[in-house]
1. If I filter the range A:1-32 down to residues being free of Cβ contacts under 8 Å to residues at least 24 places away in the same chain and part of a loop (DSSP other than H, G, I, E, B), which single residue comes out as surrounded by the most Cβ atoms within 10 Å (Cβ to Cβ)?
2. Show the residue pairs meeting these rules: Cβ distance below 9 Å; 6+ apart or different chains; first residue within the range A:60-78 and within 18 Å of A:ALA90 (Cα to Cα); second residue part of a loop (DSSP other than H, G, I, E, B) and polar (S, T, N, Q).
3. Can you tell me how many residues within the range A:91-130 are of a type outside the set (Gly, Ala, Ser) and over 14 Å from C:ARG30 (Cα atoms)?
4. Given the conditions (1) at pLDDT below 85; (2) touching a Lys or Arg at 6+ places or on another chain (Cβ under 7 Å), report the number of the one that C:PHE42 does not fulfil.
5. If only one of B:LEU56, B:LEU23, B:LEU51, B:LEU35 is in contact (Cβ under 8 Å) with a residue 24 or more places away in the chain, crowded, with 18+ Cβ neighbours inside 10 Å and part of a helix (DSSP H, G or I), which one is it?
6. Being exposed (fewer than 14 other Cβ atoms within 10 Å of the Cβ) and either assigned to a loop (DSSP other than H, G, I, E, B) or of a type outside the set (S, T, N, Q) (or both) is true for just one of A:VAL92, A:VAL87. Which residue is that?
7. For A:LYS76, indicate whether it is of a type outside the set (Phe, Trp, Tyr), exposed (fewer than 12 other Cβ atoms within 10 Å of the Cβ), over 25 Å from C:THR27 (Cβ atoms) and at pLDDT below 85.
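The values are calculated or read from the model by the stated rules, or taken from the named source; none is laboratory data. Remember, it's a predicted structure, so these values are computed and weren't measured experimentally. With ideal geometry, Cβ positions are generated from the backbone for all residues, glycine too; neighbour counts draw on all protein chains shown.
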Amino acid sequence: MEDSAFSEEFCGFIHTAIPSVSVAEVLLLLFKQPDRWWTLPELCRELPPDVNITETDAGICLETLRSRGLVEFDDKKLVRYRAASDVLEAQVRTLAQAYNERPVTLIRMIYALRDPKIQSFADAFKFRKR
Amino acid sequence: METFNFILYLMAVLTCLACTALLGRSYMHTGVRLLLWSTLCFVGLSISNILLFFDLIVFPTEVDLRLWRLFPALAGLLFLLYAFIWESEDH
Amino acid sequence: MIEFLSGALTLAYLIAALFFLRFWRRTADRLFLAFTVAFVLFALNQGLAHALTIYREPTSFIYALRVLGFVLILVAIVDKNFFSGKSTR
């Protein structure tokens, strides 16, 4: 996966829909089994072991994802993956690919977009700017 | 041993100046205010370290610059803390 | 006056270190970890130099703390520029 895959659109998607790595983990878990309806406890149980969030946090993540048109809830408070458009679907696919192939770059990008001023302090110490 | 101290203190001064230069350059390119305060912090630390260099290596017995060393360092850090408290993002 | 300034400076270094720690956790950038440790060393240097009522910083292990702090910062800068492909955690 080349750097060019981290396009403007993808960065924009990350900036608006993926405020943290936890949200990305939740989304990707749902994306892996797109036809399955999940309960909140199930979701928390099946997240990777190094992702440490409470059910409340998971609920907040899901609400963020719902407001971006990436997941849907049903009457019984179950949730599943559902991208509201093909464009979003493509972005989620790119996210999955980035997560598998360039996880460090992805994580840094998520945080850089969230904390640009702090990141600028760290970036100041690069001799050659990108 | 004296030469060793000389080199170590010189290295401290040069590192400080390098940080000042890098942060200052980045501020001029990006205009991010946090970088301005950070640059000023390292200016203060640089002055403090240069004075330390003079105090211990150049004039070890003639002068005591302790008070003069503390002021710029403290001022610099106050700039930095102000920047971190007010200018960094909150989540 | 010197006691006051020295104490204030020690505390300022420590608070700055706490901020750098927070930034490291939020950005996963190793540079901030280096700055955290460096500023803790500066705080120790400042605090110890005064606590041991050393009028000047002699050729003892105390100034080595300050030097070590700057070495760490240098290493972090070099690391960022020449080894930036590695993992950040």
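1. This residue is A:SER7.
2. Partner pairs satisfying both residue conditions: A:GLY69/A:SER85.
3. The qualifying residues number 23.
4. (1)
5. The match here is B:LEU56.
6. The unique qualifying residue is A:VAL87.
7. It is true that A:LYS76 is of a type outside the set (Phe, Trp, Tyr), exposed (fewer than 12 other Cβ atoms within 10 Å of the Cβ), over 25 Å from C:THR27 (Cβ atoms) and at pLDDT below 85.
Per-residue answers, yes or no, for (1) more than 8 Å from every other protein chain (Cβ to nearest Cβ); (2) among the small types (Gly, Ala, Ser); (3) over 22 Å from C:TYR13 (Cβ atoms):
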residue	(1), (2), (3)
B:LEU17	yes, no, no
B:VAL32	no, no, yes
B:LEU35	no, no, no
B:THR39	yes, no, no
B:LEU56	no, no, no
B:THR61	yes, no, yes
B:GLY76	yes, yes, no
B:LEU80	no, no, no
